[in-house]
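Presented below is the structure to which this report refers.
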Amino acid sequence: MHKIREILRQKWCQGRRHRQIARSLGISTGMVGKIIVRARTEGLEWSDIEGLDEVELERRLYPSTGEKRREPPDCARLDLELRKKGVTLQLLHVEYLERQPDGYRYTQFCEYYRRWKKKRAVVMRQVHRAGEKLFVDYSGDGPEFVDPRTGEVIRCELFVAVLGASNYTYAEATLTQRSPDWIASNSRTLEFLGGVPEIVVPDQLLSAVSKTGRYEPQVQRTYREWSRHYGRRSSPRAPTSRATRRRSKPGCWSSSAGSWPGCATTPSFRSTSSTSGSANSSTSSTPGR
């Protein structure tokens, strides 16, 4: 369409034939005829369009019919909503039509979402339902704190729990990864969340499993009793490389940096635990909520 001006100039100013114009511009004779007929239908002359740019000329030649452009669905929002229990594409389409009465019908709506979904990265993609899974583990590099009485720098362990669907995160520091600290950290996580997920997914550390394995790891007895107490089950994740674990978890952290990306940390040190003998500190964050 950027050749409209040149077509009209050659026709009206130079008086050339349609075939000559088409040959000089490398377009079809029919296209030349359509543009000239269109300009005459709109009552345009060379003096009317001489001072117009290409955009304005095209607007004058093809005035808008007033048809509203369909607003496409927000596929990122649809993807988040579909993680909730009871939410379907049909329900989301009804809500979409309430906002956009002239929007896409159901078949096109679903096709639009599926095309968007196919373009997403498929590496380690996991879909989580709200309240279904809680991922728990210790970070690779633990933080350090200074004993105020002796000035000694003490390395501690960083326990992190992340809800799969929302990335809602709880973290606290303990002196060890031994079973008492592990069980206490899991219990405090549920107290902080104010509820219990359907499945707790720990990594295959010694405090969580008594026998590691890719397909049927054996849950450690104390941890199994803890899960039974809350009426839920523990399902250890398959053993993978550290880099894969970091990518596959819903939340990521970097204890060496002293903070979590996108998280506000507010440490509050508590008294020493009588059962584990560890000084605990807790942090919480709400990325992606």
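Per-structure values
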read-out	value
Residue within the stretch 8-30 that is in contact with a Pro (Cβ under 8 Å, 6 or more places away or on another chain) and not assigned by TED's automatic domain parsing to the domain that holds Tyr106 present	no
Condition broken by Leu206, with the remaining ones in (1) part of a helix (DSSP H, G or I); (2) more than 28 Å from the chain's Cα centre (by Cα); (3) of a type outside the set (D, E, K, R) satisfied	(1)
Residues that are touching an Asp or Glu at 6+ places or on another chain (Cβ under 9 Å), without any contact (Cβ under 8 Å) to a residue 40 or more places away in the chain and charged (D, E, K, R), drawn from the stretch 137-195	Arg155, Glu157
Selection within the stretch 19-41 - surrounded by 11 or more Cβ atoms within 10 Å (Cβ to Cβ), within 49 Å of the chain's Cα centre (by Cα) and of a type outside the set (A, V, I, L, M, F, W, C)	Ser28, Lys34, Arg38
Unmet criterion (only one of (1) among the β-branched types (Val, Ile, Thr); (2) more than 21 Å from Arg114 (Cβ to Cβ); (3) surrounded by fewer than 15 Cβ atoms within 10 Å (Cβ to Cβ)) for Ile49	(3)
Number of the condition not met by Gln126 [criteria: (1) closer than 19 Å to Asn167 by Cβ; (2) out of contact with any Ser or Thr (no Cβ under 9 Å at 6 or more places or on another chain); (3) touching a residue at least 40 places away in the same chain (Cβ under 8 Å); (4) not basic (Lys, Arg)]	(2)
Entirely in the stretch 75-134, the helices (runs of 4 or more DSSP H) that have 1 or more residues that are acidic (Asp, Glu) and closer than 27 Å to Gly195 by Cα	75-81
Number of positions in the stretch 140-185 that are surrounded by fewer than 23 Cβ atoms within 10 Å (Cβ to Cβ), among the polar types (S, T, N, Q) and closer than 30 Å to Leu82 by Cα	2
Residue under evaluation Leu52, criteria (1) part of a helix (DSSP H, G or I); (2) out of contact with any His (no Cβ under 8 Å at 6 or more places or on another chain), criterion not met	(1)
Selection status of Gly51, under 30 Å from Gly164 (Cα atoms), modelled with pLDDT under 90 and of a type outside the set (D, E, K, R)	no
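The values are calculated or read from the model by the stated rules, or taken from the named source; none is laboratory data. Note that the structure is a prediction, hence the values are computed from the model and not measured. Quick reminder, even Gly has a Cβ in these numbers, built from the backbone with ideal geometry, and neighbours come from all protein chains shown.
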